[in-house]
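Engineer: Got a structure here, written out as structure tokens. Questions coming.
The values are calculated or read from the model by the stated rules, or taken from the named source; none is laboratory data. None of these values were measured; they are calculated from a predicted model. Cβ coordinates were reconstructed from backbone atoms using ideal geometry, including for glycine residues, and neighbour counts include every protein chain displayed. Calculation scope for accessible area: heavy atoms of the full protein, side chains included, ligands and nucleic acids excluded. Shrake-Rupley method; radii C 1.70, N 1.55, O 1.52, S 1.80 Å.
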Amino acid sequence: MPLIETALAEHVGTIVLNNIAKRNALSEALIEEISDALTELLGRGARALVLRAPAGSKVWSAGHDISELPNAGRDPLGWGDSLRVLVRAIQSCRVPVLALLEGGVWGGACEVSLACDILVATPDTTFAITPAKLGIPYNLSGLLTLVNALPLPVAKELLFTAQPITAAQALNCGVVNYIKPPEEIAPFVYSLAQKIVANAPLSISVMKEELRLLTGARAMSPELFERIQGLRRTVYDSADYQEGLQSFHEKRKPIFQGS
Ligand code: YXS
């Protein structure tokens, strides 16, 4: 049973996250299907892509598949992690990706939505990024995605509280381009996509890549890199990380000790 649905019409491709039983948790299998769909739709001439869940979804995506997060001693968000692969695929995709957001956008899925180029939400859409709820040290490129999209105080509120913010709050800080009622959001997103595909694809593709390179341009000394890796290792080696994963599987609140 495929975990996504795809479509292509008038140069606009659509990828629908459709693993409802697992609330579109971003499992390796789901992300592999998304990556394959990106390649296939681009190969068939897509000049814009819409990433969405089924109409009326209460959960757009529950974020990283927690059952696939590694145990202590391994970086939970290393370069090869499926969530990292998906974020990079969206950011380096040569055509604009429009996020059609309905329902709760959780954890790493929040970063996936922020990696998209244009975000359109319904009034009930919420955004939450939850490493602090699981005892996870979010990774550096993931934090860069957040601070490139969000004002720092809003990024810190999301990261430190692990609580959702509303679409209205997201619109207020400019991270969501539009809020549309559920019955209007799809036609609106596709009308936006048509405006994009009517323009020069090479110009758009190069400007998207220039913006990716500009917003990712940060100097970092080897010492700074190693210090950050050491800091993150103390977190994913901690008992709290184990407690975070355990509490999710046991469907209970975590009790963190700070070690
Ligand atoms: O018990 P069954 O087998 O029916 O499965 C349940 C859940 O276990 C499963 N599920 C997930 N499985 C793996 N990874 C997930 N992230 C995940 N979320 C849900 O889906 C089935 C239905 O879940 P249930 O009963 O809770 O659904 P609900 O409608 O009552 O609630 C929907 C949510 C999204 C509010 C709830 O499922 C939830 O809070 N999920 C976890 C959201 C979250 O904390 N995501 C962060 C994942 S870690 C991540 O993305 C990053 C690494 S980080 O943490 O750094 O942001």
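Engineer: Cα-Cα over 32 Å: which of Lys156/Lys180; Lys58/Lys253; Lys208/Lys251?
Structural biologist: From Lys156/Lys180; Lys58/Lys253; Lys208/Lys251, over 32 Å: Lys208/Lys251.
Engineer: Right, next: Defining a contact as two alpha carbons under 8 Å apart and six or more residues distant in sequence, what relative contact order in percent does region 10-64 show?
Structural biologist: Reported as a whole number, the value is 59 percent.
Engineer: Taking a probe of 1.4 Å, how large is the accessible area per residue of the chain, in Å²?
Structural biologist: 50
Engineer: Just the ratio, please: alpha-carbon radius of gyration of region 104-245 over 2.2 N^0.38 Å, N its number of residues.
Structural biologist: Ratio of Rg to 2.2 N^0.38 Å for region 104-245: 1.21.
Engineer: How large, in percent, is the carbon and sulfur part of the accessible surface of region 4-195 at a probe radius of 1.4 Å?
Structural biologist: Within region 4-195, the accessible surface is 56 percent carbon and sulfur.
Engineer: List the longest stretch of the chain that has no exposed loop site; here a site is one of the GluC sites (Glu not before Pro) assigned by DSSP to anything other than H, G, I, E or B, with at most 16 other Cβ within 10 Å.
Structural biologist: Of all site-free stretches, the longest is 11-249.
Engineer: Among Gly78, Gly103, Gly135, determine the one that fluctuates most according to a GNM of the chain built with springs between C-alpha atoms less than 10 Å apart.
Structural biologist: Gly78
Engineer: When the dipole is taken about the Cα centre of region 4-195, and only Lys, Arg (+1) and Asp, Glu (-1) are charged at their Cβ, what size is it in debye, to the nearest 20?
Structural biologist: Approximately 320 debye in magnitude.
Engineer: Once each part is reduced to its C-alpha centroid, what is the distance from region 38-55 to region 93-122 in angstrom?
Structural biologist: If we compute the Cα centre of each part, the gap is 13 Å.
Engineer: Now for a separate question. Which of Lys22, Lys133, Lys195 ends up with the largest GNM mean-square fluctuation for the chain, with Cα atoms connected below 10 Å?
Structural biologist: Greatest mean-square fluctuation among the candidates belongs to Lys195.
Engineer: Can you tell me the equivalent ellipsoid semi-axes for region 57-157? Use √(5λ) from the Cα gyration tensor, largest first, whole Å.
Structural biologist: 21, 16, 14
Engineer: Quick check: Cα centre of region 179-196 to Cα centre of region 219-259, how many Å?
Structural biologist: 39
Engineer: Also, I was wondering about something else. Counting only C-alpha contacts under 8 Å and six or more residues apart, can you give the relative contact order of region 4-195 as a whole percent?
Structural biologist: This gives 20 percent for region 4-195.
Engineer: Considering only Asp36, Asp117, Asp65, give the residue with the highest GNM mean-square fluctuation for the chain, with springs between Cα atoms whenever their separation is below 10 Å.
Structural biologist: Asp36
Engineer: Tell me, what is the 1.4 Å probe accessible area of Thr166, in Å² to the nearest 10?
Structural biologist: 60
Engineer: What percentages, rounded to whole numbers, describe P(r) for the chain computed over all alpha carbon pairs with 10 Å bin width beginning at zero?
Structural biologist: Cα pair-distance distribution for the chain, in percent: 7, 30, 37, 20, 6, 0.
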